[in-house]
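The values are calculated or read from the model by the stated rules, or taken from the named source; none is laboratory data. Just so you know, these numbers come straight off a predicted model, no measurement behind them. Methodologically, a virtual Cβ is constructed for each residue, glycine included, from the backbone with ideal geometry; neighbour enumeration extends over all protein chains shown.
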Ligand SMILES: [Zn+2]
Ligand SMILES: [Zn+2]
């Protein structure tokens, strides 16, 4: 650590960015002895606090306000932020319109990483000539000495454990000269991956793919390669080779994955291949592991890291390759805080670093497909190993042909198929993206619907918890005895299906079936996911009723029937990616069921079998789906053929939110190629008592939408009680 006292009254001025929701940087005086540079982490006074910040620039010129500037307190010697990472902070801020300080906050998300690492005490026997031989040894001291029969040096904790003594015994032995004591910093060990192991034999397609990726890595400059292939096409094996090649060149590798994957046996594949567990980075990490991993990435002792989206902002110094697996997942869009898309920013980081990036998916996103078509990205398509014989059969069930009783959601063909599957001793999955029992609860007498008191959202009945729950704010309440409007007792009925209601209906048909519900209410965290997978694989359950795709990384060899209960659910609403998501989900299901010897069947219940999405799913024709989807998006100027942005204004105070919305409306620009809709109440007009007003901006591709938004909102300075959230390229339309 350096002193803060300046010599000879000399000083320099540095600008420091602070991890606060502010765009501006602050100037400080710094002692030249600190030898500050761009990227240095410093502690500075700010208001009445001390904050960690990063030096952006420095100048030796005398600053007009030099005398009034406060002083940098100290520099953290441990590490400096890499230049490319600071550039990424600036880039992300300018792209998302988030304050630079907010983006920096994501980089400095682990403040404990900057504390000086704690040193650990080590003990050894004092050398023979110095050692004082005590006349009499207590049993405790004898046990301590016997530990050194097996080792020369041992750390404090292990010595206590092995000798079964207290700290005082050790201390007294040091004082009486029997033991020598020293202290040292112990860094956690991240074993380097072993790249010399044996590799699987590749098929011709894989070999070609590996060759292309290899040339990208050797070119040692920015490039984007998209790799598409369904499960069984061996795409993971292909990018593992690219990882090995990058490691051999002495570079670090970052692999981004959706958060849900971290529980899976999928990471074990890496361990099988590289003989070590990969370093990981996700929200469930313990503070200590987070701190150690952050430091180890910066120090370079982590060579490969598998991370959730926030890993993009880790301080790699020798990054040589980025892989984004499941690049189509909307998980990569962060919706709170800095609203950014991790896949897109990963491409930016690769460009800033001048390195290759690989985007991997079972079904590439339309954005990536379009970039390939325009020649900006190259693509590799891997076909499946297995022949078409084992491809699951997909059939649409036209719900209009079957009159389902009120409160029933399973059609006759689906029930029959479940019966056949049970008879064969195989497993079924029912899929519906709705948690709880029923999405709507209403009074049978007056029609009153039960609504959340804090949001404009219906309360969802959860029978298992015997609670009505708001899925937007989490409010939970019991079902009232009487209707609050007409006061009639026990008058409530439920409308629409949820996973619990499907379970109820299924049990009426198949009373002996063993089943489990898989939703965020019942499957929480890695352990319960692993437990569900185990009970599926060991055939302890016959049916799983699921709200989400739990397919990634798992094999369910006995799962031979999937019933999609309401395929139309994803197609409604104003989200331009709704069709694509439905297609991706169903396509993924197709790729993951059944095994080599058991043909699988997928039944899709729909009210609109003529819909091109449904047709494409049934025929398995990806090209025709893409044609349809591209035409749709082009016709409406939707991404990636046009640009979208959303502005959401929210406040607890209804009057203030409307005032600010009107202020923004008045400043609305009139520009060629830009259409602005709003302000209107957002579809969920109130969440957690916050009133929400929304603008949607649609612009032609050539328009710099960030500049439009920045110019437009520059003069708007709302009170702190009103929030303005800007979302460039929104994925959330609620
Ligand atoms: Zn009523
Ligand atoms: Zn609510």
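Summary of computed values
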item	result
Residue 474 within 14 Å of ligand 2 (Cβ to nearest atom), under 27 Å from residue 489 (Cα atoms), modelled with pLDDT under 95 and not in a strand (DSSP E or B)	yes
From 221, 216, residue being in a loop (DSSP other than H, G, I, E, B), closer than 20 Å to residue 379 by Cα, in the same structural domain as residue 331 (by TED's automatic domain parsing) and more than 24 Å from the chain's Cα centre (by Cα)	221
Matching residues, segment 122-137, being surrounded by fewer than 16 Cβ atoms within 10 Å (Cβ to Cβ) and either in contact with a helix residue (DSSP H, G or I) (Cβ under 8 Å, 6 or more places away or on another chain) or modelled with pLDDT of 90 or more (or both)	134, 137
Members of segment 391-426 found to be buried (at least 18 other Cβ atoms within 10 Å of the Cβ) and in contact with a helix residue (DSSP H, G or I) (Cβ under 7 Å, 6 or more places away or on another chain), listed by number	392, 394, 396, 397, 409, 410, 411
Residue 500 being part of a helix (DSSP H, G or I), within 33 Å of the chain's Cα centre (by Cα), closer than 21 Å to residue 427 by Cβ and free of Cβ contacts under 8 Å to residues at least 12 places away in the same chain	no
From 485, 507, residue being within 16 Å of ligand 1 (Cβ to nearest atom) and not in a strand (DSSP E or B)	485
Count of residues meeting criterion [surrounded by fewer than 18 Cβ atoms within 10 Å (Cβ to Cβ), near ligand 2 (Cβ under 10 Å from one of its atoms) and without any contact (Cβ under 8 Å) to a residue 60 or more places away in the chain] in segment 439-470	2
Meets criteria (in contact with a strand residue (DSSP E or B) (Cβ under 7 Å, 6 or more places away or on another chain) and in contact (Cβ under 8 Å) with a residue 24 or more places away in the chain) for residue 193	yes
Options 250, 197: the member that is on the phi > 0 side of the Ramachandran plot, exposed (fewer than 14 other Cβ atoms within 10 Å of the Cβ) and outside any strand (DSSP E or B)	250
Index of the failed condition, residue 241 passing every other in (1) under 27 Å from the mean Cα position of the chain (by Cα); (2) under 23 Å from residue 355 (Cβ atoms); (3) in contact (Cβ under 8 Å) with a residue 60 or more places away in the chain	(3)
Failed item, numbered, when residue 250 is tested on (1) more than 20 Å from residue 228 (Cα to Cα); (2) within 18 Å of the chain's Cα centre (by Cα)	(2)
Residue tally, condition on the phi > 0 side of the Ramachandran plot and within 16 Å of ligand 1 (Cβ to nearest atom), over segment 461-482	0
Residues of segment 149-168 that turn out to be surrounded by 17 or more Cβ atoms within 10 Å (Cβ to Cβ) and touching a residue at least 24 places away in the same chain (Cβ under 8 Å), as a count	3
Residue in segment 172-188 that is within 29 Å of residue 379 (Cβ to Cβ) and either surrounded by 12 or more Cβ atoms within 10 Å (Cβ to Cβ) or in contact with a strand residue (DSSP E or B) (Cβ under 7 Å, 6 or more places away or on another chain) (or both) present	no
In segment 596-627, the residues that are surrounded by fewer than 18 Cβ atoms within 10 Å (Cβ to Cβ), at pLDDT 90 or above and within 13 Å of residue 366 (Cα to Cα)	627
Members of segment 434-460 found to be assigned to a strand (DSSP E or B) and within 16 Å of ligand 1 (Cβ to nearest atom), listed by number	440, 441, 442, 443, 449, 451, 458
Index of the failed condition, residue 493 passing every other in (1) in contact with a strand residue (DSSP E or B) (Cβ under 6 Å, 6 or more places away or on another chain); (2) touching a residue at least 12 places away in the same chain (Cβ under 8 Å); (3) within 16 Å of ligand 1 (Cβ to nearest atom)	(1)
Scope segment 417-433; condition assigned to a loop (DSSP other than H, G, I, E, B), touching a strand residue (DSSP E or B) at 6+ places or on another chain (Cβ under 8 Å) and under 30 Å from residue 468 (Cα atoms); matching residues	432
Hits in segment 505-521 - residues which are surrounded by 13 or more Cβ atoms within 10 Å (Cβ to Cβ) and free of Cβ contacts under 8 Å to residues at least 24 places away in the same chain	507
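Quick grid of which residues meet (1) closer than 21 Å to residue 225 by Cα; (2) in contact (Cβ under 8 Å) with a residue 24 or more places away in the chain:
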position: 286; (1), (2): no, no
position: 289; (1), (2): no, no
position: 313; (1), (2): no, yes
position: 319; (1), (2): yes, yes
position: 353; (1), (2): yes, yes
position: 370; (1), (2): yes, yes
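Let's see how each residue does on (1) farther than 14 Å from residue 96 by Cβ; (2) in contact with a strand residue (DSSP E or B) (Cβ under 6 Å, 6 or more places away or on another chain):
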{"position": "682", "(1), (2)": "yes, yes"}
{"position": "696", "(1), (2)": "yes, yes"}
{"position": "699", "(1), (2)": "yes, yes"}
{"position": "710", "(1), (2)": "no, no"}
{"position": "719", "(1), (2)": "yes, no"}
{"position": "724", "(1), (2)": "no, yes"}
{"position": "727", "(1), (2)": "no, yes"}
{"position": "731", "(1), (2)": "no, yes"}
